[in-house]
Amino acid sequence: MKKIKGLLFQLLKGMSEAIIRFPLTIVCLVGVATLVCYTIALDQSPPIIIEKLVYTFLVSAVLGMAPQFAVERFMKLSALRLPVYGLALVLGAGYFLILWPVPEINAEISVRTLIAVFALICAVLWIPAYKKKADFNEVCLIHFKTLFISILYSVVLSAGLAAIMASIDVLLFNIHHDAYSYMLTVVWILFAPTYYLSLLPRFLSKTEDDVMKLQTAKNYPKFLSVLVSYIAIPLVGIYTLVLLAYFIKILITWHWPSGQLGPMVLIYSAAGLVILVLASLLSNRFAVLYYKIFPKVLIPVVVLQLVSVGIRLNAYGVTESRYYVALFGIFSIIIGVLLSIKPVTRNSMIALLAAVLAIVSIIPPVDDFTVYRVSQINRLEIILASENILSDGKIIPQANASEETKIETTNILNYLDRHSSLQYISWLPPDFQIY
C-alpha cells in the first residue's frame with residue numbers, strides 16, 4: 001500500500017511540476033479538452049469558430065514547449081522567461097488571426113498546420129543540443145521513451161476506466177454513452193501530454209535532483225537495445241537489399257515504377273534515420289555497422305527515387321504528395337552526405353534541417369500548395385492549347401477533342417477542385433461546376 005501511495009505521490013508531484021514548467025502548453029491543452037467536451041455535448045458539427053480555436057490551441061500547445069527549452073538552454077534568456085512566453089503567445093495569436101477570415105478548415109490549412117507542428121517538434125528536439133550542450137541522441141532517446149511510457153499508461157488508464165464505467169452501467173445504473181467520450185478526452189488530451197511532459201528532465205540543469213532525473217531518463221532500456229540492434233536493424237538491412245535488387249531490375253529493364261516507389265523509399269528513409277539516432281547510443285557490432293553504412297547506402301537509394309519522381313513530375317506535373325516525396329528525398333541526400341562525413345556527431349542536423357525544410361514548404365511562393373497549383377494549371381493550359389480549346393485566355397469548344405485530352409482535363413480539374421483551387425484559373429467561367 002505504501003508503494004502505491006508513493007507512486008501516486010510521485011506521479012502527482014511530477015505532473016504538478018510539469019504544469020509549472022510548461023504553463024502555456026498546459027493551458028492550451030485545457031482549452032482543447034474544454035472545446036472537445038463542448039463539441040461532444042453539442043452532438044452535432046461544431047461552429048467554425050470552435051474548429052479554429054481547437055487548431056490554435058493545438059499549435060500553441062506545441063509552441064509552448066519551445067520557449068521553455070530555449071530559456072533552459074540559453075542563460076541570457078533565463079531572466080526573460082515572461083517576454084519569451086509573451087512572444088509565443090503573440091505567435092499563437094497570429095496563427096488565430098490567419099485562421100479568422102477563412103470560411104472553412106480545408107485540406108490546405110490542415111496540412112500547413114501539421115507541417116508547422118512538425119517543425120516545432122524538431123525545434124524542441126534540437127534546442128537542448130545546440131552547440132552540443134546536450135547529446136542530441138540522448139535527447140531523442142528520452143523523448144522516445146517518455147512518449148512510449150505516456151502512451152502505455154494512457155492505454156491502461158483508458159481501458160481500466162472504460163471497464164469500470166461499463167461495470168457500473170451494467171450492475172448499478174445507466175451511464176450516458178457520451179461519458180466514455182468525455183473520459184477519453186480527459187485521458188488523451190490532458191493526462192497523456194501532461195504525464196509526458198512530467199517525465200522530461202531539465203537537460204542542462206546542475207542541481208542534484210535534476211542530474212539524477214536526467215541520468216535515470218537517459219538509461220537505455222534493455223528491451224529497446226534488443227529491439228533496435230537485433231530486430232529493427234536487420235529488418236532495415238533486408239529491406240535495403242530488396243530495394244537495391246529492385247533498382248538493379250530497373251537499370252536492366254529500364255522500366256521505371258508508376259508511383260509506388262516514392263512512398264516506399266520515404267518510409268524507408270524516415271524509419272532508417274529514427275533507428276540510426278537510437279542506434280547511435282549503442283556500441284554493439286550491429287549498431288556500429290549500421291550507423292557507419294546506412295548513411296552511405298541511403299544516398300544512392302534516394303537518388304534513384306528522385307529520378308523516378310522526376311519522371312512522374314515531367315509526365316504529370318507536381319502534386320502535393322510528389323512535392324513532399326521530392327523534398328524529403330533532398331533532405332535525405334543532404335543528411336546522408338553529412339552523416340557519411342561525420343557520423344553520430346552530426347545527428348542534430350537531422351532535426352534542424354527537417355525543421356528548416358518544413359517551414360520552407362509552407363511559405364509562399366515555394367510552398368507545396370502554390371507549386372502544385374501553378375504546375376497543374378500550367379499543365380491543364382498546355383493540354384487545352386494543344387487541342388486549340390484554349391486560345392488567348394478563352395475557351396473554344398472542340399467537338400473532335402481526343403479522349404485522352406478529355407480524361408486528363410477532367411482529372412486535373414477534379415484534383416484542383418478537391419483542393420479548392422479552381423478560383424485560381426482566370427479563364428474558367430464564374431459559374432463553372434464540376435460534374
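The values are calculated or read from the model by the stated rules, or taken from the named source; none is laboratory data. The structure displayed is predicted, hence computed values, not measured ones. No Cβ is skipped: glycine too gets one built from the backbone with ideal geometry, and neighbour counts run over all protein chains shown. SASA here: full protein model, heavy atoms, side chains in, ligands and nucleic acids out. Shrake-Rupley method; radii C 1.70, N 1.55, O 1.52, S 1.80 Å.
Details
- Output for the stretch 126-173, where each listed residue is out of contact with any helix residue (DSSP H, G or I) (no Cβ under 9 Å at 6 or more places or on another chain) and not in a helix (DSSP H, G or I): Leu172, Phe173
- Selected residue (criterion: most open to solvent (accessible area, probe 1.4 Å)) from residues of the stretch 351-379 that are part of a loop (DSSP other than H, G, I, E, B) and either of a type in the set (Gly, Ala, Ser) or in contact with a Lys or Arg (Cβ under 6 Å, 6 or more places away or on another chain) (or both): Ile362
- Test: residue in the stretch 330-341 that is within 25 Å of the chain's Cα centre (by Cα), in a helix (DSSP H, G or I) and not hydrophobic (A, V, I, L, M, F, W, C): yes
- Among (1) more than 30 Å from Ile127 (Cα to Cα); (2) surrounded by 12 or more Cβ atoms within 10 Å (Cβ to Cβ) - the single one Ser348 does not satisfy: (1)
- Filtered residues of the stretch 183-214 (kept if within 30 Å of Cys37 (Cα to Cα) and part of a loop (DSSP other than H, G, I, E, B)): Leu200
- Wholly within the stretch 215-312, helices (runs of 4 or more DSSP H) carrying at least 2 residues that are in contact with a helix residue (DSSP H, G or I) (Cβ under 6 Å, 6 or more places away or on another chain) and open to solvent by less than 80 Å² (accessible area, probe 1.4 Å): 233-253, 261-279
- Ser321 vs. criteria closer than 26 Å to Pro234 by Cβ, open to solvent by 50 Å² or more (accessible area, probe 1.4 Å) and of a type in the set (S, T, N, Q): no
- Each residue in the stretch 412-429 was checked for being among the hydroxyl-bearing types (Ser, Thr, Tyr) and open to solvent by 70 Å² or more (accessible area, probe 1.4 Å), and 2 of them qualify.
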